[in-house]
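Have a look at the structure below, then the notes.
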Amino acid sequence: MRAGILRSPAAIETNPLELCDVPIPQPGASEVLVRVKCCGVCRTDLHVIEGELPERKSPIIPGHQVVGLVEACGESAPRFRIGARVGIAWLHHTDGTCEYCRAGSENLCDDPSFTGYSVDGGYAEYIVAPQDFVYLIPERFPDEQAAPLLCAGIIGFRSLRLSGIKPGGRLGFYGFGAAAHVAIQVARHWNVEVYASTRDARHQRLALELGAAWAGGTLDEGPAKLDAAIIFAPSGEIVPAALKALRKGGTLVLGGIHMSAIPSFDYDLLYQERVIRSVANNTRQDGEEFLRIAAEIPIRTRVQVFPLSEANRALNALKNDAIPGAAVLKVGT
Ligand SMILES: [Zn+2]
Ligand SMILES: [Zn+2]
């Protein structure tokens, strides 16, 4: 099969993904083999490729927002029929036995594996995954539009929940890429006012089109104090500015897997019971609930589609803020 392979981490400007022919993976007993139709491009892929996350497998096929069709099932994997349209997301497997899994927080599992990071991902014509970590994709979404729901969507949804935002509340988004462009649609559905801070003018326009009450530069002061805010951009320097925008008791959620160093700031910015918390991965329940709500609303993702052979170009565009919405690789038909 054809696959986009990373042999060693490097700046995306050097186009480090190589399109190669590799053997089709074989499903284990409890796994399914999926023929990939498309795979969303996530900022985490960029962090993996550029070596901002510690190496977990090398070489590696990135990609963790996979939409495809079940092609074969292991002997103990009866959950899906052949041909079912399914999604594979970041959480590839958890041990099910550690204290976190047992407490319902499998997103914090002590021994997890992650798609496109510790096991091969979806920048390829085929992928295998444990049947219990695979999602059925709601029928109403075309393949390309479904792909960004699987990480941008699910993580944005978990971030929204952890922000504690209530209907009628004011919520800030810092960075307005793939995750924010989905999360705003959920927030608007909940009757939340969204204030979007992002450096790129195209992203500001997209935020307004999607119903933001205000859009401005990343460090601009908005017109109102916020009940909660989510930082999607990977820059720690935003943290003090976002804290400053919060009302007393407000929550700041850091939605990324990687962030540059957070500068020191005066305690006054945090005092008055403001809270900072990160978001790590997601549970399968987050994924199931989000996909159901996404179909109900329904979420409409804006996607820019690239062929698999242009994965490097898609990732360069993502790094340069040149994607309004989400980038998706089209792999098979
Ligand atoms: Zn666990
Ligand atoms: Zn992701």
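See the values below:
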| quantity | calculated |
| --- | --- |
| Hits among aspartates and glutamates - C-alpha to C-alpha of LYS319 under 17 Å, sequence gap 8 or more where chains match | GLU13, ASP45, GLU50, GLU52, ASP200, GLU310 |
| Fraction of antiparallel bridges per DSSP, the chain only, in percent to nearest 5 | 55 |
| Debye log10 I(q)/I(0) at q = 0.11, 0.15, 0.16, 0.22 Å⁻¹ for segment 1-99, Cα point scatterers | -0.40, -0.72, -0.81, -1.25 |
| Surface per residue (accessible, 1.4 Å probe) for segment 17-105, Å² | 43 |
| Two-decimal log10 I(q)/I(0) for the chain, as the Debye equation yields it once each C-alpha is a single scatterer, q = 0.13 Å⁻¹ | -0.93 |
| DSSP-loop chymotrypsin sites (Phe, Trp or Tyr not before Pro) across segment 238-271, with at most 10 other Cβ within 10 angstrom | TYR271 |
| Dipole of the chain, positive direction: furthest Cα of PRO307, ILE238, ILE293, with charges on the beta-carbon | ILE293 |
| Value of [θ]222 nm, deg cm²/dmol, for the chain, DSSP H segments ≥ 4, -39500 (n - 2.57) each, nearest 500 | -6500 deg cm²/dmol |
| Relative contact order, percent, the chain [alpha-carbon distance under 8 Å, six or more residues apart] | 19 |
| Candidate lysines for bridging to LYS225, where Cα separation is under 19 Å - those fewer than 8 sequence places away on the same chain excluded | LYS166, LYS244, LYS248 |
| Per-residue ³J(HN,Hα) for segment 301-312, Karplus 6.51 cos²θ - 1.76 cosθ + 1.60, θ = phi - 60°, Hz, x for Gly and Pro | 7, 9, 10, 10, 9, 10, x, 3, 5, 10, 4, 4 |
| When segment 22-166 is reduced to its Cα atoms, the Kirkwood hydrodynamic radius in Å | 15.7 |
| Simple Cβ-charge dipole of segment 1-40, Lys/Arg +1 and Asp/Glu -1, about Cα centre, in debye nearest 20 | 140 |
| Sequence-separation-based contact order of segment 78-223, relative, with Cα cut under 8 Å and 6+ spacing, percent | 16 |
| Over segment 234-301, equivalent-ellipsoid semi-axes from the Cα gyration tensor in Å | 29, 15, 11 |
| Folded to 0 to 90 degrees: helix 178-189 orientation relative to the chain principal axis, Cα | 60 |
| Surface accessible to a 1.4 Å probe, GLU52 within the full protein complex, Å² | 80 |
| Backbone HN-Hα couplings from phi across segment 73-79 [Karplus 6.51/-1.76/1.60, Hz, Gly and Pro as x] | 10, x, 5, 10, 10, x, 5 |
| Backbone N under 19 Å from the VAL22 label point (7 Å along Cα→Cβ), restricted to segment 129-157 | 129-130 |
| Accessible-area composition of segment 197-333, carbon plus sulfur, in percent [1.4 Å probe] | 48 |
| Segment 1-65 - percent of accessible surface contributed by carbon and sulfur, probe 1.4 Å | 50 |
| Segment 253-269 - phi-based ³J(HN,Hα) in whole Hz, Karplus 6.51/-1.76/1.60, Gly and Pro as x | 9, 9, x, x, 7, 9, 8, 5, 4, 8, x, 6, 8, 5, 4, 3, 5 |
| Unit charges on C-beta of K, R, D, E only; dipole of the chain, Debye | 880 |
| Long-range HN-HN contacts of ASN15 with modeled amide H, under 5 Å | none |
| Angle in degrees between helix 152-163 and the longest Cα principal axis of the chain, rounded to the nearest 10 | 40 |
| Average Cα contact separation per residue, segment 11-130, under 8 Å, 6 or more apart, as relative contact order % | 33 |
| Electrostatic dipole magnitude of segment 112-217 [Cβ: Lys, Arg +1; Asp, Glu -1; Cα centre; debye, to 20] | 660 |
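The values are calculated or read from the model by the stated rules, or taken from the named source; none is laboratory data. Keep in mind that what you see is a predicted model, and the values were worked out from it rather than measured. Neighbour counts are summed over all protein chains in view; Cβ atoms, including those assigned to glycine, are modelled from backbone coordinates with ideal geometry. Note: areas computed on protein heavy atoms with side chains; ligands, DNA, RNA excluded. Shrake-Rupley method; radii C 1.70, N 1.55, O 1.52, S 1.80 Å.
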